[in-house]
Amino acid sequence: KGTTREQRALKYLKEHARQGDPDSVLETFDEFCRTQEWAMNAAEEKGDILDEIVRELQPTTCLELGTYCGYSAVRIARNLSPSARLITIEVNPDYAAVAREVVKLAGLQDKIEVINLDSADVIRELKTKYDVTKLDLVFLDHWKYLYIRDIKLIEEEKLLKKGSVVFADNVIIPGAPGYLEYIRGSKNYKSTFYSVHFEYMDDMKDGVEKSVYIGDE
Ligand SMILES: O=c1[nH]cnc2c(O)cc(-c3ccc(F)cc3)cc12
Ligand SMILES: [Mg+2]
């Protein structure tokens, strides 16, 4: 084949999506995943909840862990206010390269910064190197066993404020038991679980967890 699934998806988007139109990029990506090849996008029901959170919260500074091909980065950024921005971290260089192209195709390169590094290393430098004061929205969608490591690091760095939302994908499939136990047991968060279908699979159930930070600043 020579190409990766992510490169085939990007090719499809370039051939079928409207340049500069985020909605077209997302619709086309969903079409690709339903008709050509499955991909792990936070799509459909998961994406609808994410849209709702962004529209209601109107976050200024967003952090996404696990960019993959940039589907959820585009989904978040298309609803951001003019001065708001999204920092998205992807440790896999091949995924990061595709994501940068998808972000450009959507015309959102001024709102989204894709960083190809390990999430922990970036979180430790958000205040000093990335000019971040507080995070209004955090989307956890990378390796499931890293959710708990990274949320603890985000707390340690005092990056959350009252009302900040932490939204976690895949808390059922593949599952993030340690994270769920931690966040639901913490007095600093008010958590809500949403039972949703697994992306592009109408006969599989996954879950997402929305946690509002109510702790000390
Ligand atoms: O590794 C993942 N990172 C982020 N999101 C994911 C996601 O939404 C789904 C899956 C996934 C789950 C089951 C399976 F059979 C194959 C892939 C992995 C990730
Ligand atoms: Mg996911």
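The values are calculated or read from the model by the stated rules, or taken from the named source; none is laboratory data. All of these numbers come straight from a predicted model, not from anything done at the bench. Note that we place each Cβ from the backbone using ideal geometry, even for glycine, and neighbour counts take in every protein chain shown. Please note that ligands, DNA and RNA were not included when accessible areas were found on the heavy atoms of the full protein model with its side chains. Shrake-Rupley method; radii C 1.70, N 1.55, O 1.52, S 1.80 Å.
A convex hull fitted to the Cα coordinates of region 54-180 yields 102 cubic angstrom per residue. Between the Cα long axis of helix 22-35 and the first principal axis of the chain there is an angle of about 70°, rounded to the nearest 10. Once the C-beta distance of Glu56 and Arg149 is scaled by a Förster radius of 30 Å, the resulting FRET efficiency is 0.60 to the nearest 0.05. Dipole check for region 133-217: with +1 at the C-beta of Lys and Arg, -1 at the C-beta of Asp and Glu, and the Cα centre as origin, the magnitude is about 400 Debye. Across the accessible surface of region 94-217, with the other protein chains kept in place and a 1.4 Å probe, carbon and sulfur atoms take up 53 percent. As a size descriptor, the averaged projected area of the C-alpha convex hull of the chain was calculated at 11.2 nm². Tilt of helix 93-106 relative to the longest C-alpha principal axis of the chain, in degrees (0 to 90, nearest 10)? For helix 93-106, the angle is close to 80 degrees. Solvent-accessible surface of region 1-117, averaged per residue with a 1.4 angstrom probe and all protein chains in place: 45 square angstrom.
Simple spin-label estimate for Arg34 and Arg184 gives 3.2 nm between the two label positions (7 Å along the Cα-to-Cβ direction from each Cα). In region 1-133, taking the dipole from charged Cβ atoms about the Cα centre, the farthest positive-side position among Leu50, Val122, Leu63 is held by Val122. With R₀ set to 41 Å, the beta-carbon distance separating Thr192 from Gln19 gives a calculated FRET efficiency near 0.65. Placing a label point 7 Å from the Cα of Glu217 along the Cα-to-Cβ direction, the residues of region 134-171 with a backbone N closer than 20 Å are 134-138, 154-166.
With the charge dipole of the chain set up from +1 on Lys and Arg Cβ and -1 on Asp and Glu Cβ about the Cα centre, the Cα lying farthest toward the positive end among the listed residues Ile183, Ile76, Pro22 is that of Ile183. A simple count of charges around Arg78, restricted to other residues whose Cβ falls under 12 Å of its Cβ and scoring Lys, Arg +1 and Asp, Glu -1, yields -1. Semi-axes of the equivalent ellipsoid for region 1-129, computed as √(5λ) from the eigenvalues of its C-alpha gyration tensor and ordered from largest down, come to 23, 18, 13 Å. Tally the DSSP beta bridges in the chain and give the antiparallel ones as a percent, rounded to 5. Of the beta bridges lying entirely in the chain, close to 40 percent run antiparallel. Loop-only check: which GluC sites (Glu not before Pro) in region 1-82 are DSSP coil with at most 16 other Cβ within 10 angstrom? Within region 1-82, the qualifying GluC sites (Glu not before Pro) (loop, at most 16 other Cβ atoms within 10 Å) are Glu37. With respect to the chain, whose longest principal axis is taken over its alpha-carbon atoms, helix 44-57 is tilted by about 50°. Excluding residues on the same chain fewer than 8 positions from Lys205, give the lysines whose Cα lies under 29 Å from its Cα. Excluding near neighbours in sequence, the set is Lys46, Lys144, Lys152, Lys187, Lys190.
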